[in-house]
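Data first, discussion second: the structure below is written as structure tokens.
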Amino acid sequence: MLSLQTMATGLTIGGYGEITYNDPDSGVSEIDVQRLVMLFAYKFDDRVSFITEIEFEHVKEVYVEQAFLNYGVSDNFNLRGGLMLVPMGIVNEYHEPTTYNGVERPSLNNKLVPTTWREMGLGVYGRINSASIRYQAYIMNGFISYNDGAYKLKGTNGLRSGRQKGAESVGSNANFAARVDYYGLPGLKLGLSLYNGKTQTTDKSVVGSQVGLSMLGFDARYVKNRFSSRFEYINASLSDTDKYNLASGKDLGSKMSGYYIEGSYNLLPLTARQKLDVFLRYEDFDTHAEVAGNLTKNESFHRKETTFGFSYHLADGAVFKMDWQSKGTAVPESESKGQFNMGIGVFF
Amino acid sequence: MELHRKINWSFVLLYFVVLLCSSFSNHENILYKNILKKVKKEISKVFVLEDFELSPIQIQPNEELIADFSGNRLLEISSNDTKLGYAYIGTAPSKTETFEYLVLFDNQFVIKKAKVLLYRESWGGEIGSKRWLKQFLSKGTDYKFIYRQNISAISGATISVKSMTNAVNELLSSLNFLIQNKII
């Protein structure tokens, strides 16, 4: 009886990009095509699709940001495999410039959750409409801590330099990543993320070449009329960092934790096509929340940052941003550093 | 021996490929059947009925109609010659795909149920939430839904939320036109 139009199959092209201008109080300013990412999605049929994102960073560096095959087994159960985003916190998954405030992503999402954090993996994904829940669970490859004599992880940015990004990656230990989103209350979305496992090494016999990692994330987003807010909390516990630091001479912390909280208000009426969000964000995070062995805490790794600015959404998917940042640390009597940022972001 | 094994394996593989291909050959038909099955199940639940008839309502194309009424999308629900209500099966865009949704109306074209029948894209599927879709209930054809005002936002699903809101608004105003002009 029903005869809907033929469903579109085949290729979809999309992408996102950000062009940024950073002007710190001290030092030279930078103008950069920070990211330009082309999305290609190919739908083989209604159940099977392949999604990939090719990224150009700073114009000249090429990466594959995502490349996975999705198989929809049923309405609420999908299988997924390939190079995927690790579902930790808000911004790692939703990192397109129109989806967050600020020219730069929150600093927590650089040093604590190393966005864009992606690894090879395999797992399940789905939604339960009756319970307003989205779930994800993957077996994934992890950060590399030791690669043929080179130690990758360090105190200032924790795990960031250990990302393998699916490039000839070393896989010595499987890791587990999972996330649940709940959106059953109007305007509110809650998320709980878990990541558990061990870092990768090219030689397991080297003492201190691996550390254990257990990361927990809790986040909340609330939108009501012209007001919106978000909160993200991350706690990462690392084991055997004393052995790792001893072997490497690095200063990796044994616990990294922190949060940010942000509120924004749309100055334009809800019926307008455009949106002008003014926002204020406060971040407090520490990549040396705890240290093990002989390591002394470096207070400069405890950051306290405030960002104030606006996001002018010219259309859905096109934004002009401007903000001012004050970046301080817990070092006694240290002075905060200021920075002015401006940027253009698109998502299509 | 080794070669034999390889040949055997390739036959097994070929068999599976053929099986897979044949299972997908009639894919579109199966898809519509599944959608219709879901529609019937929903009508059963909402109108608390085991037996009912669905008859398509043909609407002539008209420039004033924003909603799509082709392909038997608007159906009259009746039981034992008593008209009970209407069902509309729509297609709306998500970010890079389309999704199918169902709106059930009573006799007076007041919304009794809104449901996402088939959502294809990985992102934005949160609009399938029963709780979120409840916001459309009990409204008539003269009502207008406004995103973030009387329809709450879902973070991470903005495009699909707006699309569904828009689709229901277009459906209501089109139905309103049809009623005003005594076409239905």
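Placing one equal scatterer on every Cα of chain B and applying the Debye formula, the log10 ratio I(q)/I(0) at q = 0.09, 0.10 Å⁻¹ is -0.41, -0.48. Summarising the label geometry, the points placed 7 Å from Cα in the beta-carbon direction at A:A167 and B:L49 lie 6.2 nm from one another. By the compact-protein rule of thumb, 2.2 N^0.38 Å, the alpha-carbon radius of gyration of the stretch A:201-348 corresponds to a ratio of 1.37. Using a 10 angstrom Cβ neighbour count of at most 11 plus a DSSP loop assignment to flag exposed GluC sites (Glu not before Pro), which longest range of chain B is free of such sites? Maximal segment without exposed cleavage sites: B:65-184. Helices assigned as whole DSSP H runs in chain B whose Cα atoms extend at least 15 Å along their own long axis and whose mean Kyte-Doolittle hydropathy is 0.0 or higher are found at B:2-25, B:158-180. Taking 0.36 nm per residue of sequence separation and removing the Cα-Cα distance, the A:N110/A:D32 pair yields an extension gain of 26.3 nm. For the stretch A:261-348, state which trypsin sites (Lys or Arg not before Pro) are in a DSSP loop and have at most 14 other beta carbons lying within 10 Å of their beta carbon. For trypsin sites (Lys or Arg not before Pro) across the stretch A:261-348 that sit outside H, G, I, E and B with at most 14 neighbouring Cβ atoms in 10 Å, the list reads A:R273.
With the charge dipole of chain A set up from +1 on Lys and Arg Cβ and -1 on Asp and Glu Cβ about the Cα centre, the Cα lying farthest toward the positive end among the listed residues A:Q164, A:L36, A:L188 is that of A:L188. Taken over the stretch A:296-342, the convex hull of the Cα atoms encloses 74 Å³ per residue. Between B:K40 and A:Y71, the simple label model (points 7 Å from Cα in the Cβ direction) yields a spacing of 3.0 nm. The gain in end-to-end length when the A:K224 to A:L268 segment is fully stretched comes to 14.4 nm, 0.36 nm per residue minus the alpha carbon separation. Measuring how big the stretch A:265-348 is from its alpha-carbon positions, Rg and Dmax come out at 17.9, 59 Å.
In the stretch A:77-216, the inverse of the mean reciprocal separation of distinct Cα atoms equals 16.0 Å; this is its Kirkwood hydrodynamic radius. For a straight C-alpha distance cut-off of 15 angstrom, the aspartates and glutamates reachable from A:K204 (same-chain residues fewer than eight places away being disregarded) are A:D148, A:D240. Expressed as a whole percent, the proportion of Cα-Cα pairs in the stretch A:228-310 lying more than 20 Å apart is 50%. Every helix of 4 or more DSSP H residues in chain B counts as -39500 (n - 2.57), and over all residues that averages to -13000 deg cm²/dmol at 222 nm. If you model the stretch A:61-156 as an ellipsoid using its alpha carbon gyration tensor, with each semi-axis the square root of five times an eigenvalue, the axes come out at 27, 19, 12 Å, biggest first. Electrostatic tally near A:V180: other residues with Cβ closer than 12 Å to its Cβ, Lys and Arg +1, Asp and Glu -1, net +2. Taking the Cβ of A:Y312 as the centre, find all other residues whose Cβ is under 12 Å away and add up their charges (Lys, Arg: +1; Asp, Glu: -1). Value of the local net charge: 0.
Using a/c under 1.5 as the rounded threshold, could you call the stretch B:82-184 rounded, prolate or oblate? The axes a ≥ b ≥ c are square roots of the C-alpha gyration tensor eigenvalues, and prolate needs a/b larger than b/c, oblate otherwise. Cα axes put the stretch B:82-184 in the prolate bin. The residues of chain B expose on average 54 square angstrom of accessible surface per residue, using a 1.4 Å probe on protein heavy atoms. Rolling a 1.4 Å probe across the protein heavy atoms gives the stretch A:20-89 an accessible surface of 47 Å² per residue.
Each principal axis of the Cα cloud of the stretch A:18-96 was evaluated for its coordinate range; sorted largest first, these ranges are 55, 26, 16 Å. The equivalent ellipsoid of the stretch A:194-252 has semi-axes of 37, 11, 8 Å, largest first, where each one is the square root of 5 times an eigenvalue of the Cα gyration tensor. Beyond 25 Å in Cα-Cα separation lie the following of the pairs B:K33/B:K162; A:K152/A:K198; A:K297/A:K321; A:K165/A:K304: B:K33/B:K162; A:K297/A:K321; A:K165/A:K304. Per residue of A:76-83, other chain Cβ atoms within 10 Å of the residue Cβ number 1 on average. Cross-linked pairs A:K111/A:K243; B:K95/B:K182; A:K189/A:K243: Cα-Cα separations exceed 32 Å for B:K95/B:K182; A:K189/A:K243.
Taking square-rooted eigenvalues a ≥ b ≥ c of the alpha carbon gyration tensor, is the protein assembly as shown rounded, prolate or oblate, where a/c under 1.5 means rounded and, failing that, a/b exceeding b/c means prolate? Oblate shape, in that a/c is at least 1.5 and b/c is the bigger or equal ratio.
The values are calculated or read from the model by the stated rules, or taken from the named source; none is laboratory data. Remember, predicted model here, so these are calculated numbers, not experimental data. Heads up, the Cβs are rebuilt from the backbone with ideal geometry, glycines too, and the neighbour counts pull from every protein chain shown. The protein model used for the area step is the full one, side chains on, heavy atoms only, and it has no ligands, DNA or RNA in it. Shrake-Rupley method; radii C 1.70, N 1.55, O 1.52, S 1.80 Å.
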